[in-house]
Every structure is written in structure tokens, then in C-alpha cells.
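Only one structure is covered here, and it is reproduced in the block below.
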Amino acid sequence: MFVSLVVIVVATALALGAGLLVAFQLGGAADGLVLASVFTIPFLVMGPVLVGSLAGYWDPRSSPEGRRYLRWWFLGVLGIDLVAAVVVVLATVSARAPVWVPVVLIVGAAVLLVVARPLGDRFRRSERVVERSDDDVVPSAAVVRRGVRTIAVTFVVSAVVATIGATLLVVSDDGTGDGVLRSVLLAGQLTFTATAIATVLVALPCNRALRDVGGRDIGRLQRFGKVVLRGRSIPLDAAEERGALQYARLVPLTMRFQLAFTGLLYVGLAFQFVSSTLDGQLGVLPVVFLVAMVAVLLWAVPTSVRRMRRARDYAERHGGAPSPTADEVDPRGPSSVTA
């Protein structure tokens, strides 16, 4: 938990620093290059973070499928970083910015990319593998309720703090209508984003348990997903059948947390895109993103519900009790958070 918090804080600080560098040094570039910089430069930080997270979470030596999967992710991140580097150079030339700007961004990204995987490997090797029995693979209802309460408290505290901050902004802005609306949108964005991060942290033990069910082999976990969630007929040995049963019992709970995180994050992004629409600086792009997010939710929610039902059916057919539903945990719990 502590390491995850440190990674989130450091990555956010680096991404914010890169964004400020773009704002102050590359703002004079052509509009298209400024827009491209805004969308690509965060990947110079988040790309290596993703590579390190995957290396710290999954063991690439477990199976050929796992090695292939992680290799494709690394190549994808490398490709995006190369595109971002080209954008930085072009924006620097267009804005006539100092030469050190692209040097700092590109060299910094290269260093992060080089150290990301070794650091992730080191963290994974230092983490103890937990062997779980069929009875304790799913957290108890009390544990889940405690996690839901943590998310709810985070939402309330974030809302109070964001409201106080928004009020101060309104007062300092002489209370104009436009300033009030922007402050409200900012408060909403911060509240839902903070709650989404809290949801990720609360769900970490469940996600780690799911990873351990597959022996930290992402290839094996993908096979479990094909069998349990998609109903495919794939030969499994005795150990894998036991792992698939544990997977089926645990995955509905992790998917509920995932839906809650996605919903909260998308609401926070919606506040940001509405604010950008009011600014009018990005044209119709925020509207396009809003429509895309709605389309993703319309696909993801019913698909996830259908797969959770399949997982529970699989667990019941193979002799394992399904994970507790939201109503069994707390009528005001995960279902209300997801909503």
C-alpha cells in the first residue's frame, strides 16, 4: 500500500511538472502542436510507470503468453513515447523555446523507461506470494464493508475540502457567475477523482489475491478469464481447475470495484471536459470525449454484469460459493458507489 501511494504521488508530481513545463515554455507553439503536447507528454511519465507496474505485478518468466503480453505493452509504451518525443521537438521549434526543454523531457522519459522494469522486478521479488485456500480467497463481507466505508468517507472529506476551496476561489473572483461555475466544476472533478483513487487503493488486496490465484502469471489468468467469463472450452489441469474456481469466486468482487472506479473517474473527467467546453479553447474535442466515455460505459457496464453472472454460475457449478453480492455486503455499499 505504501509503495503504491509513493508511486502515485511521484508520478503525479512528475506529470504535473511536465505539464507546467509545456504551459510555460511551449505555449507559444502552433495550436495543433500545443494540443498534441497536452495529450502526449503525460505518457512520458505514465508510460514508464505502466511498464514498472506491470513488471512489479506480473512475473514475465511464468509463461510464454505472459512474456509476449508484457513485451507488447513495453513496445506500445516505447512507440507512444517516441511519438511524444517528436511532438516535443516540433513544439519546441515552433515556440522557439530553449533547447533544454526537450532535453529535460526526453532524457527524463528515457531514464524512467530504463529503470522502470528493473525496479518493478525488484519490487515483485521482494513481495511474498500468498498461497490461499478455497475458503479464504474471497474477503469476508466485513472486510468489504470496511472498504466501502473508506470510499464513502473519502468522498465526503474530499467534497468538504473541495467545497471550501471552491468557495475561496469564488470569493477571490468577486463571485461572478462564470467563476462560480468553474469553481463548482473544479470541486466536482477533484472530489470524484480523489474517490476514484481511494477505490483503487481499497481494491488492491482483492486485485493482489486475484493475481496470486494465477500464480502471478498473466497468461494463466487470461486462460481463466476465457473459461470463466467467456465460457470457452479450454483444457485445464487439476491445479488450473482449482485456480479457475478461485478466480470465479473472486473476480465478481474485483469487477464491482473496477466498475466503481471507472464510474467515479469518468464523472471526474466529465467535470473537466465540461469546463474545457466552456473555455472553448479545445473546440469540439471535449464533447467528443464525453460522447466516447458514454459509449464506453454503455458497453462496459452490461458486459461486466454479464461476466460477473457467468463467474458466479461457474463457481456454483464447480462447487464453490460465489463472492458476496453488493446487497449481501451492504445495501448502501458497492452498488451505491458504482452508481
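Ala166 meets all of the listed conditions (1) closer than 22 Å to Thr262 by Cα; (2) in a helix (DSSP H, G or I) but one, namely (1). Only one of the numbered conditions (1) under 25 Å from the mean Cα position of the chain (by Cα); (2) in a helix (DSSP H, G or I); (3) in contact (Cβ under 8 Å) with a residue 40 or more places away in the chain is violated by Phe224, and that is (3). Filter the range 28-66 down to residues that are part of a helix (DSSP H, G or I) and either crowded, with 18+ Cβ neighbours inside 10 Å or touching a residue at least 24 places away in the same chain (Cβ under 8 Å) (or both), then give me how many there are. So the answer is 25. The numbered conditions (1) surrounded by 17 or more Cβ atoms within 10 Å (Cβ to Cβ); (2) modelled with pLDDT of 85 or more; (3) basic (Lys, Arg) are all true for Arg149 except (1).
Residue count for the range 227-242, restricted to those that are part of a helix (DSSP H, G or I) and without any contact (Cβ under 8 Å) to a residue 12 or more places away in the chain: 2.
The values are calculated or read from the model by the stated rules, or taken from the named source; none is laboratory data. Fair warning: this is a prediction, and the values are worked out from it, not measured in the lab. Here Cβ is always computed from backbone atoms with ideal geometry, including for glycine, and neighbour counts include all displayed protein chains.
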